[in-house]
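Peer 1: Please read through the structure below; I'll follow up with questions.
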Amino acid sequence: MTGVAIIGLQWGDEGKGKISYLLSRDAEYVVRFQGGANAGHTVVLDDRELRFNMLPAGSASGAKPCIASGTVVDLSEVLEEIELLKSIGINTQPLISRNACIVLPIHKELDSMIEQIRSSEAIGTTRRGIGPAYSDKALRIGIKIEDLLDSGSLKSKIKLIEDFHKLPVGDIEEWVELAEKFSGNICDLEIILNDELDRGKRIIFEGAQGTLLDIDQGTYPYVTSSNTTIGAVFTSCGVGPRKISEIIGVMKAYTTRVGAGVFPTELKNREGDILREKGREYGTTTGRPRRVGWLDIPLLRYSIMINSIDWIALTKLDVLGGIRKIKICIEYDINGERVEMAPPNVRTLEKAKPVYIHLDGWSALTREEWKKVAVKGWDALPENAKTYIEIIEKLLSRPIKLVSVGASAGMEVAK
Ligand code: IMO
Ligand code: MG
């Protein structure tokens, strides 16, 4: 079987977009299977930055974009990103599952309202309507893509939502028009994906957000409203677990988080500010500064365990260049006890004190120098960078097969 899943191992923004692009180049399809326009996946091609919120970033490679049943779809974003693809010479229409729920204007309003009510305990959502769209779906009052094509039943479904929330849904005429426009691509995606996998076609499943933002396995309530972990591929796409032959974890060479919530290795000092600037750690979707910290092995061990990760793609290694001493949190001290695996419980995690090892860094390289490293390959990496990678492999018991040393496609080293 040739299904390949890409899963973020941290709190999102690991560089899944770039990795998905690289792995989609010889794939037939690339699928977004959860979340909505809260994702911010970037692909940089010859200095041109392409940002995807709704379509899988892998579609910049020419693989057919698909949007599966378990997502909450923002149709206006889909339209914009079809244009984005056109601008790089890719003329395509995404395949959209008829069962996917849509994000309505009311969901974005409700997202902001709930955040306001939470006040000092706000999640820091992307305000893309994700939580309310998923909660309407769970309440069984969600509107599915196929409903847009059936004006008769659409009215009563909208009325139900309006009666429940006591707010107008907002203007969705445009949505109906878009759905009509896309009607040739609204499909039984489950059947297509299974048939194509059975025929040996390569399909990439591009995860959004990250494992620690998973609604069940993440740091609740400071999470997103979908399952971001491997199980979502199966439930959202209707593809069985045996059809996935490879599960790839994407992780940054350090840790970042946008929005509130526990963050054991957070750097709230100048070191953190430097890392934020060097790594340009500002949100793709919202522009917010990201919180930054050292690598957190106990959390990564947890992510790897629950996703059955086969191998790792490590991103943004170049950002660490020029830091004299690099720290890695290898275990926690929780109530005086040493633990190697992050506990699947936020209250316990909040008590975790990171235990660090200190490694010698390597000097900062220019972009041109990293480019040469990417061309020459593994041996050209600075010695201490190699050591950093090898130590992480040992600590996580997984091979790191791909190391990204710059945002652009081509700036990476295979191991
Ligand atoms: P990609 O796919 C990083 C975070 C938000 C907030 C929490 C809930 O680019 O990795 P939501 O709008 O989903 O209800 O917000 O989740 N969040 C992300 N953080 N990367 C993302 O996506 C994220 N999508 C949501 O900042 O803390
Ligand atoms: Mg993001």
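The values are calculated or read from the model by the stated rules, or taken from the named source; none is laboratory data. Quick caveat, the model's predicted, so the values are computed rather than measured. With ideal geometry, Cβ positions are generated from the backbone for all residues, glycine too; neighbour counts draw on all protein chains shown.
Peer 1: So, in region 179-209, exactly how many residues are of a type in the set (A, V, I, L, M), away from ligand 1 (no atom under 16 Å from the Cβ) and outside any strand (DSSP E or B)? Spell out the reasoning first.
Peer 2: Taking region 179-209 first, the residues of a type in the set (A, V, I, L, M) are 179, 186, 189, 191-193, 197, 203-204, 208.
Of the ones still in play, those that are also away from ligand 1 (no atom under 16 Å from the Cβ) are 179, 186, 189, 191-193, 197, 203.
Of the ones still in play, those that are also outside any strand (DSSP E or B) are 179, 189, 191-193, 197.
Number of matching residues: 6.
Peer 1: Something else: Among the residues of region 331-342, is any under 24 Å from the mean Cα position of the chain (by Cα), farther than 16 Å from Q10 by Cβ and either outside the structural domain of R242 (by TED's automatic domain parsing) or not small (G, A, S) (or both)?
Peer 2: For region 331-342, residues under 24 Å from the mean Cα position of the chain (by Cα), farther than 16 Å from Q10 by Cβ and either outside the structural domain of R242 (by TED's automatic domain parsing) or not small (G, A, S) (or both): absent.
Peer 1: Follow-up question, since we're still on this one. Residues that are within 13 Å of ligand 2 (Cβ to nearest atom), surrounded by 22 or more Cβ atoms within 10 Å (Cβ to Cβ) and in contact (Cβ under 8 Å) with a residue 60 or more places away in the chain: which strands (runs of 3 or more DSSP E) entirely in region 1-85 hold 1 or more of them? Let's see the steps before the verdict.
Peer 2: Details: elements: 3-8, 29-32, 41-45, 48-52, 64-67.
Counting at least 1 such residues, we get 3-8, 41-45.
Peer 1: Could you tell me whether any residue of region 315-328 is out of contact with any Ser or Thr (no Cβ under 6 Å at 6 or more places or on another chain) and within 16 Å of ligand 1 (Cβ to nearest atom)?
Peer 2: Checking region 315-328: at least one residue is out of contact with any Ser or Thr (no Cβ under 6 Å at 6 or more places or on another chain) and within 16 Å of ligand 1 (Cβ to nearest atom).
Peer 1: Do we find a residue being more than 23 Å from V405 (Cα to Cα) and either crowded, with 22+ Cβ neighbours inside 10 Å or in the same structural domain as I192 (by TED's automatic domain parsing) (or both) anywhere in region 291-298?
Peer 2: yes
Peer 1: Continuing with the same structure: Those residues that are farther than 14 Å from Y254 by Cβ and crowded, with 16+ Cβ neighbours inside 10 Å, I need them from region 353-368; list them, please. So that I can check it myself, show each step before the final result.
Peer 2: Narrowing region 353-368 to residues farther than 14 Å from Y254 by Cβ: 353, 355, 357-358, 360, 362-368.
Passing the criteria: V355, W362, L365.
Peer 1: Can you name the number of the only condition in (1) over 21 Å from Q209 (Cα atoms); (2) not assigned by TED's automatic domain parsing to the domain that holds I161 that P94 fails?
Peer 2: Failed condition: (1).
Peer 1: Still on this structure, I have one more. I'm checking my understanding of the structure. Among residues of region 136-148 that are of a type outside the set (D, E, K, R) and touching a residue at least 24 places away in the same chain (Cβ under 8 Å), which one is surrounded by the most Cβ atoms within 10 Å (Cβ to Cβ)? Talk me through it step by step, then tell me what you get.
Peer 2: From region 136-148, those of a type outside the set (D, E, K, R) are 138-139, 141-143, 145, 148; that's our starting set.
Adding the requirement that they be touching a residue at least 24 places away in the same chain (Cβ under 8 Å) leaves 139, 142-143, 145, 148.
Details: L139: 11, G142: 21, I143: 23, I145: 25, L148: 23.
Only one residue fits best here, namely I145.
Peer 1: Moving to a separate point now. Can you pull out every residue in region 263-309 that is among the small types (G, A, S), without any contact (Cβ under 8 Å) to a residue 60 or more places away in the chain and within 12 Å of ligand 1 (Cβ to nearest atom)? Lay out the reasoning, then the answer.
Peer 2: Here is the first cut: in region 263-309, the residues among the small types (G, A, S) are 272, 279, 283, 287, 293, 303, 308.
Retained after the next criterion (residues that are without any contact (Cβ under 8 Å) to a residue 60 or more places away in the chain): 272, 279, 287, 293.
G287 - this is the single residue of region 263-309 that is among the small types (G, A, S), without any contact (Cβ under 8 Å) to a residue 60 or more places away in the chain and within 12 Å of ligand 1 (Cβ to nearest atom).
Peer 1: For the structure I just gave you, tell me whether A133 is touching a residue at least 60 places away in the same chain (Cβ under 8 Å), touching a strand residue (DSSP E or B) at 6+ places or on another chain (Cβ under 8 Å), surrounded by 17 or more Cβ atoms within 10 Å (Cβ to Cβ) and not assigned by TED's automatic domain parsing to the domain that holds Q10.
Peer 2: So A133 fits the description; yes.
Peer 1: Quick check on region 18-40. Is at least one of its residues at positive phi and either away from ligand 1 (no atom under 14 Å from the Cβ) or within 11 Å of the chain's Cα centre (by Cα) (or both)?
Peer 2: Scanning region 18-40, I find at least one residue that is at positive phi and either away from ligand 1 (no atom under 14 Å from the Cβ) or within 11 Å of the chain's Cα centre (by Cα) (or both), so the answer is yes.
Peer 1: Consider region 171-182. How many of its residues are surrounded by 14 or more Cβ atoms within 10 Å (Cβ to Cβ) and more than 19 Å from G70 (Cβ to Cβ)? Explain how you work it out, then say what you get.
Peer 2: Let us first name the residues in region 171-182 that are surrounded by 14 or more Cβ atoms within 10 Å (Cβ to Cβ), namely 172, 175-176, 178-179, 182.
With the extra rule that they be more than 19 Å from G70 (Cβ to Cβ), the set shrinks to 172, 175-176, 178.
The qualifying residues number 4.
Peer 1: Another question, then. Scan K316, K327 and give me the residue that is crowded, with 18+ Cβ neighbours inside 10 Å and on the phi > 0 side of the Ramachandran plot.
Peer 2: Only one candidate passes the filter, namely K316.
Peer 1: Any residue that is under 27 Å from L50 (Cβ atoms) and β-branched (V, I, T) - is there at least one of those in region 259-278?
Peer 2: No: zero hits.
Peer 1: Tell me, yes or no, whether region 186-196 has at least one residue that is under 21 Å from F33 (Cβ atoms), buried (at least 21 other Cβ atoms within 10 Å of the Cβ), assigned by TED's automatic domain parsing to the domain that holds V31 and among the acidic types (D, E).
Peer 2: No: region 186-196 contains no residue that is under 21 Å from F33 (Cβ atoms), buried (at least 21 other Cβ atoms within 10 Å of the Cβ), assigned by TED's automatic domain parsing to the domain that holds V31 and among the acidic types (D, E).
Yes/no per residue for (1) among the aliphatic types (A, V, I, L, M); (2) on the phi > 0 side of the Ramachandran plot; (3) without any contact (Cβ under 8 Å) to a residue 60 or more places away in the chain:
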| site | (1), (2), (3) |
| --- | --- |
| H358 | no, no, yes |
| E368 | no, no, yes |
| K372 | no, no, yes |
| P382 | no, no, no |
| I389 | yes, no, no |
| P399 | no, no, no |
| L402 | yes, no, no |
| E412 | no, no, no |
